[in-house]
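*Asks:* Below: one structure in structure tokens.
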Amino acid sequence: MRHLLHTSVGSGRRPMIMMARLGLRLRLRNAAMWRHAHAPMIRPISSSTAPSSKRNPTVIIITGISTALAFACVSGFAYSTFRRESSLSLLGGSSSSADQLLAPTSHLFPSVEYYNSLDNEQTDVDKLPMEEAQLTAAPSVPPVITRKHPVLLKVPLRTTTRLSQVTNQYKYEEWTFNGTAPGPFIRARVGDVVELSLTNNDTTGNPHNIDSHAFAGPGGGSALTTAEENETKTGRFKLLCPGLYIYHCAAAPVPVHIANGMHGLMYVQPEEQDLPPVDREYYVMQSEIYHEAPDLDDDGRPLDVVDFSYPRGLREDPNAIVFNGRESALTRDAPLKAKVGETVRIFFGNAGPNLTSAFHVIGTHFLNCYRDGDVTSPPARFVGTTSVPPGGTTIVDMKMVVPGSYTIVDHAIFRLDKGAVGFINVSGPQRPDVYVGNLPPQPCVGCKLHA
């Protein structure tokens with residue numbers, strides 16, 4: 001118990017114990033006064049029938065312990081609130097968005113009004129105003145939704161295949177939503193009714209559908225949206241819960257469709273208040289690529305196009321682990337950008353389909369870490385690495401203090417040799433008060449972690 005109190009509230013342990021003891025004494029004194037005031041005026045005939053003037057010592061001990069524990073919980077909560085509100089001062093000056101970045105989030109506690117209201121009334125979907133969803137390809141994120149009312153949100157998705165340079169060595173046929181792997185980022189709001197239309201333009205004849213972890217109902221919408229070649233299926237889904245969710249194709253065999261690129265993210269903003277504003281928002285998805293050895297051409301040389309490998313998927317032995325669908329997506333092709341003093345938010349998902357990610361950005365901290373995509377609970381603070389399972393998500397906020405290249409990795413660090421590397425390039429004035437050496441920085445030869 002002493003150890004728990006010490007680690008919970010630090011230097012406040014001794015005053016807490018003293019207050020607990022004081023609370024116990026007050027309880028004992030009040031109990032004695034109550035007994036005196038309510039004592040019967042008739043004396044008992046004999047000591048064998050007299051009511052005891054002493055309180056059961058076991059009851060006294062249990063009451064005292066209960067008082068101490070209650071006081072400890074209240075004190076611990078007060079201390080954690082103080083710590084949340086004062087954490088921004090550790091960073092010194094900041095932009096206006098950073099001032100709100102670490103603001104208390106007590107107003108974002110979970111709510112079940114929508115579940116309760118479903119028993120009493122139903123939404124008249126046809127009376128909702130209609131709105132076209134703004135869909136963006138990774139790493140871009142749609143703008144924050146500012147409206148205060150629900151809408152019928154139209155989300156058109158189409159399935160296609162394309163040959164992509166997924167690694168520096170090989171091309172691979174991806175199965176895509178709207179021509180990109182990962183699929184587009186979808187932003188909505190609690191209370192919206194998503195009208196999702198899926199058109200299957202896959203000429204290989206494979207059926208496709210949508211299983212969104214944001215949807216409430218069997219299969220996450222997959223049974224309503226399964227479309228054959230050249231077919232369109234439409235379903236409507238009311239968004240009940242805020243948070244960041246994976247969506248993916250769930251047509252059989254499910255792991256093949258996910259591994260081939262049919263996955264994306266949907267962010268459902270809370271009904272009343274979104275996350276604190278930041279200067280930049282980005283969309284990053286981790287995934288795995290499983291392929292067979294390349295075939296040989298007529299001259300005996302290996303081809304640069306490879307096919308999916310089901311056996312390697314079963315062994316959970318990927319050839320490549322990538323961010324945003326391909327090895328160079330966040331390095332050579334499109335590294336993320338920011339400026340010194342800016343705040344950056346990453347909506348991160350792990351499509352898997354097999355491996356858990358140890359998501360980390362080298363050289364900075366997650367000032368807010370909304371684990372599991374939970375945006376109603378207070379976030380974790382100053383996190384270095386966070387675990388994201390297959391099908392899971394997280395949201396992290398950072399403030400860029402020193403210019404340079406910050407490396408995005410899966411800290412199961414051998415995976416960087418399989419492609420799990422990205423960069424955030426930060427420009428701006430140096431900060432020798434924070435980061436300085438006696439010689440200019442010089443990355444090691446052959447290093448993949450620094451640009």
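*Asks:* What FRET efficiency comes out for the pair T146/A293, r = Cβ-Cβ distance, R0 = 41 Å, nearest 0.05? Intermediate values should be presented prior to the final figure.
*Replies:* On the way: r = 52 Å, r/R0 = 1.26.
The computed FRET efficiency comes out at 0.20.
*Asks:* Hey, another quick one. Would you please classify the overall shape of segment 229-365 from the alpha carbon gyration tensor, given that a ≥ b ≥ c denote the square roots of the eigenvalues, rounded means a/c under 1.5, and beyond that prolate means a/b larger than b/c while oblate covers the rest?
*Replies:* Numbers: a/c = 2.42, a/b = 1.41, b/c = 1.72.
Taking the square roots of the gyration eigenvalues as a ≥ b ≥ c, segment 229-365 is oblate.
*Asks:* How much net charge surrounds A293 when only the other residues with a Cβ under 14 Å from the Cβ of A293 are counted, with Lys and Arg +1 and Asp and Glu -1?
*Replies:* Numbers: positive: R301, R312; negative: E292, D295, D297, D304, D307, D317.
Cβ neighbours under 14 Å give a net charge of -4.
*Asks:* For L265, what accessible surface area do you get with a 1.4 Å probe? Give it in Å², rounded to 10.
*Replies:* It works out to around 0 Å².
*Asks:* Which whole-number percentage describes the relative contact order of segment 291-429, with Cα contacts under 8 Å and a sequence gap of 6 or more?
*Replies:* On the way: 300 pairs, mean separation 39.9, N = 139.
This gives 29 percent for segment 291-429.
*Asks:* Taking Cα pairs under 8 Å and at least six residues apart, what relative contact order does segment 125-273 come out at, in percent?
*Replies:* 25 percent
*Asks:* What does the charge add up to near Y370, with Lys and Arg as +1, Asp and Glu as -1, over the other residues with Cβ less than 10 Å from its Cβ?
*Replies:* On the way: positive: R345, R371; negative: D372, D374, D397.
Net of charged neighbours comes to -1.
*Asks:* Excluding residues on the same chain fewer than 8 positions from K171, give the lysines whose Cα lies under 17 Å from its Cα.
*Replies:* K418
*Asks:* Could you tell me whether segment 306-445 comes out rounded, prolate or oblate from its Cα gyration tensor? Rule is a ≥ b ≥ c as square roots of the eigenvalues, rounded for a/c under 1.5, then prolate if a/b exceeds b/c, otherwise oblate.
*Replies:* Values: a/c = 2.35, a/b = 1.41, b/c = 1.66.
It is oblate, given that a/c is not under 1.5 and a/b is not larger than b/c.
*Asks:* Under a 1.4 angstrom probe, counting protein chains only, how are K171, K337, K127, K399 ranked by accessible area, largest first?
*Replies:* Heavy-atom accessible area, descending, gives K127, K337, K171, K399.
*Asks:* Which of the pairs K148/K238; K148/K233; K154/K399 have their Cα atoms more than 26 Å apart in this structure? Don't skip to the answer; put the middle values down first.
*Replies:* Numbers: K148/K238 16 Å; K148/K233 29 Å; K154/K399 34 Å.
K148/K233; K154/K399, as the Cα separations exceed 26 Å there.
*Asks:* Right, next: Could you order the peptides 178-189, 418-429 from most to least packed, using the average number of other C-beta atoms within 10 Å per residue? All intermediate terms of the calculation are to be shown ahead of the outcome.
*Replies:* Details: 178-189: 23.7, 418-429: 20.1.
So the order, starting with the most tightly packed, is 178-189, 418-429.
*Asks:* Once a ≥ b ≥ c are taken as the square roots of the eigenvalues of the Cα gyration tensor of segment 241-283, is the result rounded (a/c under 1.5), prolate (a/b larger than b/c) or oblate (a/b not larger than b/c)? Before the final figure, lay out the partial values.
*Replies:* Working: a/c = 6.80, a/b = 2.20, b/c = 3.09.
Because a/c hits 1.5 or more and a/b fails to exceed b/c, segment 241-283 counts as oblate.
*Asks:* Starting from the Cα of Y310, step 7 Å toward the Cβ, then list every residue of segment 255-285 with an amide N under 16 Å from that point.
*Replies:* 255-260
*Asks:* Let me check against my output: what whole-number percent is the relative contact order of segment 270-345, with C-alpha pairs under 8 Å and at least 6 apart?
*Replies:* On the way: 88 pairs, mean separation 29.6, N = 76.
Relative contact order of segment 270-345: 39 percent.
*Asks:* Sorting check: for 275-287, 432-444, 198-210, 299-311, which peptide has the highest mean count of neighbouring beta carbons within 10 Å, and how do the rest follow?
*Replies:* Numbers: 275-287: 22.2, 432-444: 8.3, 198-210: 19.3, 299-311: 12.3.
Ranked from most to least packed, the peptides come out as 275-287, 198-210, 299-311, 432-444.
*Asks:* Okay, moving on. When all protein chains stay in place, what accessible area (Å², nearest 10, 1.4 Å probe) is found for H411?
*Replies:* Approximately 90 Å² for this residue.
*Asks:* Take the solvent-accessible surface of the protein heavy atoms, probe 1.4 Å, and return the percent of it on segment 125-273 that carbon and sulfur atoms account for. Could the numbers behind the result be given before it?
*Replies:* Working: 2940 of 5740 Å².
In segment 125-273, the share of accessible area belonging to carbon and sulfur is 51 percent.
The values are calculated or read from the model by the stated rules, or taken from the named source; none is laboratory data. Small disclaimer: the values here were computed from a predicted structure and weren't measured. Neighbour counts are summed over all protein chains in view; Cβ atoms, including those assigned to glycine, are modelled from backbone coordinates with ideal geometry. Ligands, DNA and RNA are stripped out before the accessible areas are found, and what is left, the full protein with its side chains, is counted by its heavy atoms. Shrake-Rupley method; radii C 1.70, N 1.55, O 1.52, S 1.80 Å.
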